[in-house]
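Reading through the structure tokens given below for one structure.
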Amino acid sequence: MPSTRAASTPLRSTLLRSRRRVEAVIAGGGPDIVFQPIVRARDGVIEGYEALSRFPAGGGDTEAWFADAAQCGLGPVLDRSAAVKALGESARLPDGCFVAVNLSAATLLVDAALVDVLLDFGRRRSLVIELTEHAAQDDEDAVMAVLAEFRRGGVAVAVDDVGSGYAGMRQLVVLEPQIIKLDAFVVHGMKGNRVKSALAELVLEFARKTEARCVFEGIETDDDLEAATSIGADLLQGFRVGRPAAV
């Protein structure tokens, strides 16, 4: 029977490699940052930009990098590194546009100094915090306290991936976001799909009744654009209306 020590060695090696990769990115100033436009549906005017992290090849996609960082205990450090770099580079974006940064709820709970940085930035430019994970139920009260601090400071809260599962619906109720992002799975290929169209209409109606704005993600084709605008989407995001690019 193989020993527990022998069985765990490959896992330790994997975690060590992941940690070294993540530490190298952080030591180099953080991941590269690109900004994707978020445009007004009625006229195509850019209202804001979402800051997206880009990592060296060979470590998987962006989600994999952040998942690896969390697994080896560097999740909040990588989160901070990406967010601070995004805020700094956003200074070169056009005035009057909001900036959206992705952050883990867990990071917000352990990094009070980062919360202060975000609040300070929000006094100078419209800022949106997109939660990148579903807050653990045990931490909901603590998460809500941080989000209430953001709202008092004029920083908006966005919930991502709405329509992708039950957890997204729960976040709508618990977090009361000012911005609701309809998942790309629902939006892409929506034209001619009555089920996707019906769900999009329901989310949009929910947003309006709760005084939130709804971003339709995944606008990739002319058909996606036509379907979203015909339904009455507020804001659009996707390759068809603007690709991510460095400042």
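The values are calculated or read from the model by the stated rules, or taken from the named source; none is laboratory data. Since the structure is predicted, the reported quantities are computational estimates derived from the model, not experimental observations. Here the Cβ positions follow ideal geometry from the backbone for every residue, glycine too, while neighbour counts run over all protein chains shown. For accessibility, only protein heavy atoms count, side chains too; no ligands or nucleic acids. Shrake-Rupley method; radii C 1.70, N 1.55, O 1.52, S 1.80 Å.
Work out the FRET efficiency for Arg19 and Met144 from their Cβ-Cβ distance, taking R0 = 41 Å, and round it to the nearest 0.05. Intermediate results must be reported in sequence, preceding the final value.
Working: r = 32 Å, r/R0 = 0.77.
So, using R0 = 41 Å, E works out to roughly 0.80.
Skip the ligands, DNA and RNA, and give the accessible area per residue of region 63-156 with a 1.4 Å probe, whole Å². Could the numbers behind the result be given before it?
On the way: 4330 Å² over 94 residues.
With the other protein chains kept in place, region 63-156 gives 46 Å² per residue.
Mind putting together the pair-distance distribution for region 92-207? All Cα pairs, 10 Å bins, whole percent per bin, short to long.
13, 42, 30, 14, 1
Based solely on its DSSP helices, what 222 nm [θ] is calculated for the chain when runs of n ≥ 4 H residues each add -39,500 (n - 2.57) and the sum is averaged over all residues, nearest 500 deg cm²/dmol?
Working: 10 runs with 119 residues, N = 247.
For the chain, the value works out to -15000 deg cm²/dmol.
Accessible area per residue, 1.4 Å probe, Å², for region 166-247: what's the number? Write out the running numbers ahead of the final one.
Working: 4210 Å² over 82 residues.
Computed with neighbouring chains in place, this is 51 Å² per residue.
Taking the convex hull of the Cα atoms, report for the chain its projected area averaged over all directions, in nm².
Here the figure is 15.5 nm², rounded to one decimal.
Decide, for region 168-247, between rounded, prolate and oblate: order the square roots of the alpha carbon gyration tensor eigenvalues as a ≥ b ≥ c, take rounded if a/c falls under 1.5, and otherwise choose prolate if a/b is larger than b/c, else oblate.
It comes out oblate by the Cα gyration axes.
For the chain, modelled as a GNM with alpha-carbon contacts under 10 angstrom, which of Ala51, Ala156, Ala64 fluctuates the most?
Ala64
Could you tell me what percent of the accessible area of the chain is made up of carbon and sulfur, with a 1.4 Å probe and every protein chain present?
C and S atoms contribute 53 percent here.
In the chain, what % of DSSP beta bridges are antiparallel (nearest 5)?
Antiparallel: roughly 35 percent of the beta bridges in the chain.
Hey, what's the Kirkwood Rh for region 1-120 if you take every pair of different alpha carbons, in angstrom?
After inverting the pairwise mean of 1/r, the radius is 16.1 Å.
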